[in-house]
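Take a look at the structure below.
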Amino acid sequence: MDFFNVMSVDEVKDILVKNFKNIKIETEKVSILDSYEKVLSKDIISQINVPEFNRSTVDGYAIKSKDSHGCSDFMPSFLDVLGEVRMGEAVNIDINNGQCIYVPTGGMIPKSSDCVIMIEHVEKLDENTIAIHKPISTGENVVYKGDDIKENEKVLSKGTKITSQDIGVLAALGVNEVEIYKPIKFTIISSGDEIIDLDEKLEFGKIRDINGYALYSLIKNLGGSIVKRTIVKDKYDLLRDEVLNGINSSDIVLISGGSSVGTKDYTYDVINSFDGQGVLVHGISLKPGKPTIIGECQNKPVIGLPGHPVSAIIVFKIFIEYLVNEILDININKYTVSAIIDKNLHSSPGKRTYQMVSLEEVDNKYYARPMFGKSSMITLLSKSCGYVIIDENCEGLYKEQEVKVHLL
Ligand SMILES: Nc1nc2c(c(=O)[nH]1)N[C@H]1C(S)=C(S)[C@@H](COP(=O)(O)OP(=O)(O)OC[C@H]3O[C@@H](n4cnc5c(N)ncnc54)[C@H](O)[C@@H]3O)O[C@H]1N2
Ligand code: MOO
């Protein structure tokens, strides 16, 4: 077996896109009530204007704004009240100069009116007459037809992860059902003679399967589904069988452990044993996560994540999240926090370093405190809030330097 042929993070992302962006993911129609956090597989184009008519945003009188021009406490304008607009009903009356009509909040205003004056700014002289003392401008207290959404406007794009606000938009359009991507299917294989499941006895020398469980929840959090989570011993045939099952039943196969160059690291050979291009990447200039493997077997991505839990999770976040976002056209809109690093920090030039940090708020400023530990220590991640990325060509960070913290 060859030793690592290390590639940069960006090169690896390009390889993922080139080989796997066009994987076909099934779609289905669901009620908008079941669409929360699902990903749209088609653009939503509005068939209507929202609102469909000019509406008042206040309780008041719809008038022609020019009837109010020049009026004051000393020289009010007097207007005839033609009647009242009823909620939910079309207005058939038009107003002329010197006339107005009462409109409740949200009610339709007559075509000939261009503004609404609030009742508290009006003096009601009798049932049919009001006086106004203050000028009001065109458009005041009115939402015009199509102000919110225009007919034929693209309201939501393919790849949108649907939020509660988006469900509100769909309801406004009268859309009952949307077409979404079905969850991307994953198989998770934890490999290693030492790895045992939670219901097994912890004999001396054994290690609980941390990665299988952490990856399971990362996939769920991404909107994916897990077809199978399993543990296999360090035997070529057993690993190959599980990878074959994974390829046949899933869209993406993840193997944790066995990605390095030890005598019992079979991931590389197993990936190369299937039809397809085999191993595309073995080794990334990345810390943690260098011994990652990316392969293509029978047109499916099979990814060998490093066994150390911190490395497995970080590699998932850098590459699997990226790939899923690319496949589903999800707009990557990750929130970051600006913070001040509170220690000098050396990195490893030549490698992109993902430095874990905790965050502390002092006097309305965030401070990022580097968290140190080995990549075999899962609590390094659980005690951190996020990470700072230090580029390959950078030797480190200076205390007090402003950094972007990517939240975990
Ligand atoms: N000669 C070299 N050895 C190693 C290198 C190297 O460049 N040259 N890289 C090191 C780095 S970096 C990492 S990370 C590991 C990755 O190793 P593997 O992917 O082959 O993983 P294993 O050897 O199977 O396991 C490593 C470590 O992680 C523990 N582990 C594995 N799976 C799980 C799991 N599901 N849950 C919890 N812990 C797990 C395993 O017990 C080992 O302690 O290679 C270095 N070696
Ligand atoms: O991926 Mo390794 O964790 O750099 O030790």
| said: Looking at N5, N54, can you tell me which residue is within 16 Å of ligand 1 (Cβ to nearest atom), touching a residue at least 12 places away in the same chain (Cβ under 8 Å) and either surrounded by 15 or more Cβ atoms within 10 Å (Cβ to Cβ) or more than 21 Å from G139 (Cβ to Cβ) (or both)? | reply: N5
| said: Would you confirm, using the coordinates I've provided, whether I252 is closer than 19 Å to S190 by Cβ, within 13 Å of ligand 1 (Cβ to nearest atom) and in contact with a strand residue (DSSP E or B) (Cβ under 8 Å, 6 or more places away or on another chain)? | reply: no
| request: Go through the range 94-130 residue by residue and tally those that are closer than 18 Å to Y144 by Cα and among the β-branched types (V, I, T). | output: 7
| query | Hey, T336 hits all of (1) more than 16 Å from ligand 1 (Cβ to nearest atom); (2) of a type in the set (S, T, Y); (3) modelled with pLDDT of 95 or more but one; which does it fall short on? | reply | (3)
| query | Does L82 satisfy being free of Cβ contacts under 8 Å to residues at least 24 places away in the same chain and not charged (D, E, K, R)? | reply | yes
| task | Quick one: in the range 241-254, of everything that is under 24 Å from L198 (Cα atoms) and charged (D, E, K, R), which residue is farthest from ligand 2 (Cβ to nearest atom)? | result | D241
| message | Here is a check on your reading of the model: is I188 among the β-branched types (V, I, T) and under 21 Å from L381 (Cα atoms)? | response | yes
| field | Criterion: near ligand 1 (Cβ under 10 Å from one of its atoms) and either of a type outside the set (K, R) or in the same structural domain as E37 (by TED's automatic domain parsing) (or both) - qualifying residue of S285, S311, S273 | value | S311
| request: Evaluate the following for S358: is it within 16 Å of ligand 1 (Cβ to nearest atom) and out of contact with any Asp or Glu (no Cβ under 6 Å at 6 or more places or on another chain)? | output: no
| request: Determine whether M356 is within 13 Å of ligand 2 (Cβ to nearest atom), surrounded by fewer than 17 Cβ atoms within 10 Å (Cβ to Cβ) and not assigned by TED's automatic domain parsing to the domain that holds L239. | output: no
| request: Enumerate the pairs (first residue in the range 308-336 and among the hydroxyl-bearing types (S, T, Y); second residue anywhere and more than 16 Å from ligand 1 (Cβ to nearest atom) and part of a loop (DSSP other than H, G, I, E, B)) with beta-carbon separation below 8 Å, excluding pairs fewer than 6 apart on the same chain, so at least 6 apart or on different chains. | output: Y322/I332
| message | Restricting to the range 368-384, and then to whatever is within 14 Å of ligand 1 (Cβ to nearest atom) and part of a loop (DSSP other than H, G, I, E, B), can you tell me which residue is nearest to the chain's Cα centre (by Cα)? | response | I378
| said: Being part of a loop (DSSP other than H, G, I, E, B), more than 8 Å from ligand 1 (Cβ to nearest atom) and within 30 Å of G396 (Cβ to Cβ) is the filter here; which residues of the range 293-308 pass it? | reply: none
| Among (1) over 19 Å from I210 (Cα atoms); (2) within 16 Å of ligand 2 (Cβ to nearest atom) - the single one I303 does not satisfy | (1)
| field | Pairs, first without any contact (Cβ under 8 Å) to a residue 12 or more places away in the chain in the range 204-225, second surrounded by fewer than 19 Cβ atoms within 10 Å (Cβ to Cβ), C-beta under 7 Å, six or more apart | value | G205/E194
| Counting only residues that are near ligand 2 (Cβ under 9 Å from one of its atoms) and among the polar types (S, T, N, Q), how many does the range 274-293 have? | 1
| query | Looking at the range 255-273, which of the residues that are surrounded by fewer than 24 Cβ atoms within 10 Å (Cβ to Cβ) and in a loop (DSSP other than H, G, I, E, B) is nearest to ligand 2 (Cβ to nearest atom)? | reply | S260
| task | Restricting attention to the range 368-397, report how many residues are among the hydroxyl-bearing types (S, T, Y) and crowded, with 18+ Cβ neighbours inside 10 Å. | result | 3
| strands (runs of 3 or more DSSP E) wholly in the range 1-98 with at least 2 residues that are over 30 Å from A172 (Cα atoms) - which ones? | 77-84
| message | So for the range 193-203 (the condition being away from ligand 2 (no atom under 16 Å from the Cβ), in a strand (DSSP E or B), in contact (Cβ under 8 Å) with a residue 24 or more places away in the chain and more than 22 Å from V324 (Cα to Cα)), does at least one residue qualify? | response | yes
| task | Please tell me if S65 is closer than 15 Å to P110 by Cβ, not assigned by TED's automatic domain parsing to the domain that holds S157 and not aliphatic (A, V, I, L, M). | result | yes
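The values are calculated or read from the model by the stated rules, or taken from the named source; none is laboratory data. Values in this document were obtained by computation on a predicted structure and should not be read as measured data. Heads up, the Cβs are rebuilt from the backbone with ideal geometry, glycines too, and the neighbour counts pull from every protein chain shown.
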